[in-house]
Each structure stands twice: as structure tokens, then as C-alpha cells.
Amino acid sequence: MTTKDFFIHLRDGEEYYNCLMTREVFMTIPLDQRNHISISEVRQKNIAFVEDETHKILVKDLSKAKSKLIEYEFNKNHNIK
């Protein structure tokens, strides 16, 4: 399922989860259930990133943006200003 299809079928107010799992774990999920999962990222642990300053900055910026988005959505969903 594409991410676009996933969000089209998501009902207003329905929760969804972002989960982290290895490919090996994902492959143990029965195919009929995997067909309802949208993969939005495939990441790879790589020792080359350990000392990579650009990577560190990008990860930090992404983390901050995700936190702000989650806080904004929570406040909006609960009518908090």
C-alpha cells in the first residue's frame, strides 16, 4: 500500500502508528497484514554516519521538526492554544 493510499483510507480521528522494525521482523508479518502497511522510510545503520557532521545536523533538525509537528497536532486535536 502506498502512503497516499494509506491516508486516503484513514478515517477522520483514526489513530495510526509509526513503528520501527528490522526487515527480518517485517517479513514475519503475514502477507495479508503487510498489505495494510505503508512503508514510509527504509533506513540503514551505517558506521560512516558516526562522525558525519552533516548527517548529525540533519538528524537533529528532523527530530526537532517531528517533535514540533507532534506537539502541534496534539494541541490542535485537543483544542489547546
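No value in this document is a laboratory result; all are computed from the given coordinates. Because the structure is predicted, anything quoted here is derived from the model rather than measured. Here the Cβ positions follow ideal geometry from the backbone for every residue, glycine too, while neighbour counts run over all protein chains shown.
Given R0 = 25 Å, the distance between the Cβ atoms of LEU10 and ALA48 translates into a calculated FRET efficiency of 0.10. Full extension of the chain segment joining ALA65 with CYS19 gains 14.8 nm, where the gain is 0.36 nm per residue of separation less the Cα-Cα distance.
Counting every alpha-carbon pair across the chain, the share separated by more than 21 Å comes to 51%.
When the alpha carbon gyration tensor of the range 1-43 is reduced to an equivalent ellipsoid, the three semi-axes, largest first, read 20, 12, 10 Å.
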